[in-house]
Every structure is written in structure tokens, then in C-alpha cells.
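As C-alpha cells, the structure follows; a few thoughts come after it.
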Amino acid sequence: MTALELRQLRKTYRSRGRPAVDAVRGIDLELRSGELLGLLGPSGCGKSTTLRMIAGLETVTGGDILVGGASVVGRPAQDRNIGVAFENYALYPPLSVAENLSFGLRARGRRTRGSRDDIARRVAEIAERVDLADILQARPAGLSSGQKQRVALARALIREPDVLLLDEPLSHLDAAQRDTTRRELKRIQRDLGHTTILVTHDQEEALSLADRIAVMKDGVIQQLGTPYEIYDSPANVFVADFVGEPAVNLLPGTATGDGHVRLSGTVAFALPLKVAEGREVVIGIRPEDLELSGESGVPARVTAHEPLLESGIATLSLEGVARPLVVLTGPEARLARDERVRVTADPALTHVFDAETGDSLR
Amino acid sequence: MTGRKRLWGWLADAALILYFVFALFPIAWMAILSLKPADQLFSTYFSFTPTLDAYRTVLGDSEGIPFVRFFVNSLVVSVGAVALSLVVGLPAAYASARWRFKGSENLMFTLLSFRFAPELTVIIPLFVLYQKLGLFDTYVGMVWVLQLITLPLIVWIMRSYFADLTPELEQAALLDGYTRKQAFFRVALPLVKPGIAAVSLLAFIFAWNNFVFPLILTSSQAQTVTVGALSFLGGDRPKYNLTAAAALVSVVPPLLLALTIQRYLVRGLSFGAVKS
């Protein structure tokens, strides 16, 4: 069942004396009920604007938003039943955690408005779910970022929204809290089964949490797919570059007659598919798909090696190629500067893009 | 290091005490003046038998000058002006902090210009208008004209308080099912209470201290203490002790107000900590 649908959704900001800005340029999305979709993109790509339009905090320039099959465009935020956990938590400072949670339930005219007992019961219930029981009486100022994030999530969930929107939920947490909160988030979302959009610029967050990911740039969805689809077959140079850490090696070259791409006079890599001879392409090889092999392979010189204990990142220079080649090495690698090595790439894992458009040739 | 720090501490204290003496000297001088018997007013030594005669005269309306009335007028007019400015100014400040609309900046600037345009430039036309409209020497007229002073102050200061609040707080309330109006009254307004306290006090002091407007726009009915206290200097010979007593009495309301809301004042000045 489709829980949320965006049809050709557009947003243009106009202000006097300045050219109009197209923040969102015609987005189509469909979310199945209970699905968690990650909206991933760099800042300014329109992902937050999209989220705010769904929530009703931003007017819609064009297109439609359907929640449970009915259009909500033009309806004020308070009539949409959409829960948002804001990036900065937006917790009400003078109220305790419990009061923050019940604040929404006490709104006048709310459909789900209940009796005092009912409210107390639901606060206790959600506190149990989101693990807030022991901080219910605390004020937001005294909480850690992870706790604040959980309270913000609980507040969005307590009204049983049709759609849950998470705006950069982990960006303000330190590394340790991020890991635990991410796991919590996944568990809670699975348990409660809310249709969820997660807006983030952090690929790790999107890859680990989302069922599907929509990668956005300049107000347009570049690719929509499962995390593996996005990672394994990026639709264009931008997606390949944005997803993956360390970032993919993007190397421009010319296709040869024998199924290779020539990067320079002496350096060539095998292509996974047929490309017309002489065509200008960009190949993308992920650092983790490259291997340092003893005998065969492309000769290269080590310019730097960062051992990261469980792995290592080697930066190589290829003869006649301006861009460095980054290779993820195993923990056993011991590389010295200026050491001569040979590097091989699995053609099946090599991505090929058109040099002009950046689109995948696959 | 610590010795040096301590020395600076002492110097700072000394400077503050010096300033304290300097600032309080006129008030002390007036207090002495108001307590002196009438025949010793111009003596320059400080030994005299204190008397409350001046206060009795001033508060007993005995010189034919209705000081108590002036005092009540001042209270009514100042409180009224601040109250009206809050009712009008808080929503205005909120709106201008949250939304850019056509002409909003011009509107705000116009409002601000009321503060730096000297009152004297508009006082004559205002006087004529007030005569014609029947607002001369009335409470309504005074409260209205004092908006020139209190309203810009309240709107501009409160605007920055509202701007300091993250809009997400109200947006969260909207999503929770509250209306815009409820979000303003139940979310935004309670968070700027310290600011409201601070700005109300300031506005009250400015309204209370105003001299030109009541001087020109009132005569006997709505005249305030600032002008009224001057009456003691008129007549056949200036009664400095009465003037001093009147002035000291009229310091009391702003002082009391400042003391009662002091708690909020400190919080109001250290605001901006609401952001999470």
C-alpha cells in the first residue's frame, strides 16, 4: 500500500530583486506503508525543503503530496498528522520531558485528544518504547544530545502520525552516541512500523537505516534504490562520488578498441562493457575494489599510506595521470613512500560514465 | 598571577564605588534638601534638624498644587502606555521577527525613526491636532502620544528576543495540532517573559520620565509629576525643598518596579540561552 506519494513536487523561492531559486524541481516518490526512505544529498540539494513541504511548514509551488491516497497540499500543518523530529530537537525548555511529550496531546481540537489518564498512559507507553522512563521528569537542558533526540522522536511518535519525518536525526551526536542512537532508531522504527522519511547528508546514516535511498542534488532525485543498488550501480558520477567512503576514484580516459580505457600513455584499465573506440568516458573504481598485487596489474608509485589498524588507505600515483588513485589496503599492508607497486581492478566492479553527461553507461 | 588579578579586582571595585558615589550624589543632595527646614535651605553645612514638613506639604496638596493627582496621573498614563504598547507591540514584534513581508523593513524603520526624531519637531502640530480632536489634557491623549516612545522600544527589543527563538519550537507546536495563534501564546510568548519584563520596565521609565508631551499636551486634568513638580518652583519664590521632595517621591514607582522584576531583568539580559 502506498502511504505517501509525491507527484512532480516543486518549490521555487522568489524574492524581490533576486533571481528565483528552484529548490525542488519535480520530485516523484512513492513510499510503501512502513517503509523507511532515506533522502540523501549535500546541503542545499532541496531535501529539507521537500521534508518541510510534506510537513506543511513550507508552501508548495507545484505538484502534489498524497498521504494515504489523499492530497494534503493546502492543508495547514496541524491538520496533516505528520510527525517531525527536528534536527535541533525543538524541545520546549520550560517543560519536563513528560510534559513535552504530552504537549501535543493537549492541543485543542486534536482528533486523538484524550482524557488525563489516557494521556498519562500514552506518555508512559512511548517512554517505555523509546527508553525514556527514567528521564521523564528531567528538563531538556539537562539531557544529553542522544537523550534529546530520543525525546524529539518520542514526541513525534506519540500522536501516531501517518508519516514520520526525521531531519538529520544523528548529526548533532558524538560518534559513540551516534552508533547507539542509530541502532535504537532502527529498532523503534521497525517495532512501530511508521512510514518514515529520513533526511540526511550522511551516507552512512542513510545506508544503515533506510530500506531505499533517494539521492538528491540540485532539487532533483538522481537515483532511487536500495542501499546496495545505489552502491553497486550508481546512476551517475555524482551518486558514485557521494556514496562511499573513502570516495570513489573517478578517472577520465578514452575507450580503446580492445575493451580498455586508456588513462594515459601507459595506463589502462579493463572495461566491464563494450564502449565505442575513442569515446571519452570517466571510470569509477571504489578504493575497496582495488587490489595491490605483486606481479600483474598497472604499475603505480605510493605517495602516501595511512594505516588505520583494521585497514589502510594508500594514495598512489599512476604514470601520466593527474589524479591520485586511492586504494583501501588490508591491515597487513606495509607501504613505504615512493614504493613501486602494481594495482589491479576487477572489471566487473568498475563503473563507466559518459564524460560529458556523467550518466552511467551500464 | 593571582596577586595581579586581585589588584585588578580592587581597582575595579574602587572604580565602581567612585562611580556609585558620583551617580548617587544628586539624589543624596536632593534628599538632604528635602529634609532641611525651609529657613536653612541655603546654608552650606550639613548639621540641621531633619523635618518631614516638605513631604507633608507636597503629599497634602497644601500649596494649592495637586501633587497626588499628578502622581496618579503619571501612574495611569505610564502604565496605560506600556500596557497598550505590549498588546500592540508583542504581536508586531513576533510578526516582524518571523516573516518578511512587503514593506516590513520600511515599517520597522519608520517605527524606529519615532525614537530618534526629537519630540519638539512634532509637538506644535500635535498640540493643534489634540486641541481639535478633544484629546488635549486627557488620559487617552497622553497614552496615545506616549506610544511614540514606548511602542518602538518594545517592538524593536522584543523582535530580537523572538528572533533568538528557533522557529522549530513553534513549528513543532503546529505539527502537534496547535494553531498559529496558540503557538504564539503558548510557545513563543512564555519563552520571552524575561524580555517582556525587562522591556516593560525600560518603557515604563521612559514614559514616566517624559517631560515635553505632558508639558504641552496637558494642563490640569492629565498633567504628570514631571511637569507637576515644576510648579513648586513657580510662584513668588522657588521652594526648593518642596521640589526636591516631589522629585524624590516620583522616583519611587520606577524604583519599586525595578526591584520587583529584578529577578527577570537578570535573566532577560542573559537571554539567548534558550537555543538547545
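The values are calculated or read from the model by the stated rules, or taken from the named source; none is laboratory data. For clarity, every value in this text was computed on a predicted model and none was experimentally measured. Note that each Cβ is placed from the backbone with ideal geometry, even for glycine, and that neighbours are counted across all protein chains shown.
Could you tell me whether the range A:188-211 includes any residue that is assigned to a strand (DSSP E or B), surrounded by fewer than 22 Cβ atoms within 10 Å (Cβ to Cβ) and of a type in the set (Lys, Arg)?
Taking the range A:188-211 first, the residues assigned to a strand (DSSP E or B) are A:195-200.
So of that shortlist, the ones also surrounded by fewer than 22 Cβ atoms within 10 Å (Cβ to Cβ) come out as none.
The answer is no; no qualifying residue exists.
Every residue, every condition in (1) outside any helix (DSSP H, G or I); (2) modelled with pLDDT of 95 or more, yes or no:
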position	(1), (2)
B:Ala54	no, no
B:Ile65	yes, no
B:Val79	no, yes
B:Phe101	yes, no
B:Asn106	no, no
B:Pro118	yes, no
Exercise. Can you tell me which residues in the range A:83-104 are facing chain B (nearest Cβ under 7 Å) and part of a loop (DSSP other than H, G, I, E, B)?
Worked result: A:Phe86, A:Asn88, A:Tyr89, A:Ala90, A:Leu91, A:Tyr92, A:Pro93, A:Pro94, A:Gly104
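Restricting to the range A:50-82, name every residue that is hydrophobic (A, V, I, L, M, F, W, C) and at the interface with chain B (Cβ under 7 Å from one of its Cβ atoms). Quick ask: steps written out before the conclusion?
So in the range A:50-82, the residues hydrophobic (A, V, I, L, M, F, W, C) come out as A:51, A:53-55, A:57, A:60, A:65-67, A:70, A:72-73, A:77, A:82.
Hits for the range A:50-82 are A:Ala55, A:Leu57, A:Ala77, A:Ile82.
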Seminar exercise, completed: Picked from the range B:94-141 (must be acidic (Asp, Glu) and on the phi < 0 side of the Ramachandran plot), the residue farthest from the chain's Cα centre (by Cα) is B:Glu105
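Of everything in the range A:212-261, what is assigned to a helix (DSSP H, G or I) and over 14 Å from A:Phe353 (Cβ atoms)? Give them in sequence order. Lay out the reasoning, then the answer.
Within the range A:212-261, the first condition is being assigned to a helix (DSSP H, G or I), and the residues that meet it are A:227-232, A:237-242.
Passing the criteria: A:Pro227, A:Tyr228, A:Glu229, A:Ile230, A:Tyr231, A:Asp232.
Taking into account only those residues within the range A:1-41 that are touching a residue at least 12 places away in the same chain (Cβ under 8 Å) and of a type in the set (Gly, Ala, Ser), which is nearest to A:Thr226 (Cα to Cα)?
If we filter the range A:1-41 for residues that are touching a residue at least 12 places away in the same chain (Cβ under 8 Å), which is where we start, we get A:1-12, A:22-41.
Imposing the further condition that a residue be of a type in the set (Gly, Ala, Ser) reduces the set to A:3, A:23, A:26, A:33-34, A:38, A:41.
Values: A:Ala3: 18, A:Ala23: 25, A:Gly26: 21, A:Ser33: 16, A:Gly34: 15, A:Gly38: 10, A:Gly41: 15 Å.
Among residues in the range A:1-41 that are touching a residue at least 12 places away in the same chain (Cβ under 8 Å) and of a type in the set (Gly, Ala, Ser), the one nearest to A:Thr226 (Cα to Cα) is A:Gly38.
Going by what's in this entry, would A:Ile27 be described as more than 14 Å from chain B (Cβ to nearest Cβ), over 19 Å from the mean Cα position of the chain (by Cα) and crowded, with 19+ Cβ neighbours inside 10 Å?
Details: more than 14 Å from chain B (Cβ to nearest Cβ): yes; over 19 Å from the mean Cα position of the chain (by Cα): no; crowded, with 19+ Cβ neighbours inside 10 Å: yes.
No, not satisfied.
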Problem set entry | Options A:Gly62, A:Gly74, A:Gly38: the member that is out of contact with any Cys (no Cβ under 7 Å at 6 or more places or on another chain) and surrounded by 15 or more Cβ atoms within 10 Å (Cβ to Cβ) | A:Gly38
For this session: Could you grab me the full set of residues in the range B:161-184 that are in contact with a Phe, Trp or Tyr (Cβ under 9 Å, 6 or more places away or on another chain) and either on the phi > 0 side of the Ramachandran plot or not acidic (Asp, Glu) (or both)?
Result: B:Tyr161, B:Phe162, B:Thr166, B:Leu169, B:Gln171, B:Ala172, B:Ala173, B:Tyr178, B:Phe184
Exercise. Do any helices (runs of 4 or more DSSP H) entirely within the range B:170-252 hold 3 or more residues that are within 26 Å of B:Trp156 (Cβ to Cβ) and in contact (Cβ under 8 Å) with a residue 24 or more places away in the chain, and if so, which?
Worked result: B:193-209, B:212-217
Exercise. When A:Ser144 is evaluated against the numbered criteria (1) within 19 Å of A:Arg178 (Cβ to Cβ); (2) surrounded by 14 or more Cβ atoms within 10 Å (Cβ to Cβ); (3) within 13 Å of chain B (Cβ to nearest Cβ), which criterion, by number, is the only one it fails?
Worked result: (2)
For this session: Please find, among A:Glu30, A:Glu35, the residue that is of a type in the set (Asp, Glu), under 18 Å from A:Asp167 (Cα atoms) and at pLDDT 90 or above.
Result: A:Glu35
For this session: Can you tell me which residue within the range A:308-330, out of those that are without any contact (Cβ under 8 Å) to a residue 40 or more places away in the chain and in contact with a Pro (Cβ under 8 Å, 6 or more places away or on another chain), is surrounded by the most Cβ atoms within 10 Å (Cβ to Cβ)?
Result: A:Leu316
Exercise. When you look at B:Ile123, is it touching a residue at least 24 places away in the same chain (Cβ under 8 Å) and outside any helix (DSSP H, G or I), yes or no?
Worked result: no
Problem set entry | Residues located in the range B:111-147, provided they are in contact with a Pro (Cβ under 9 Å, 6 or more places away or on another chain) and not hydrophobic (A, V, I, L, M, F, W, C) | B:Ser113, B:Arg115
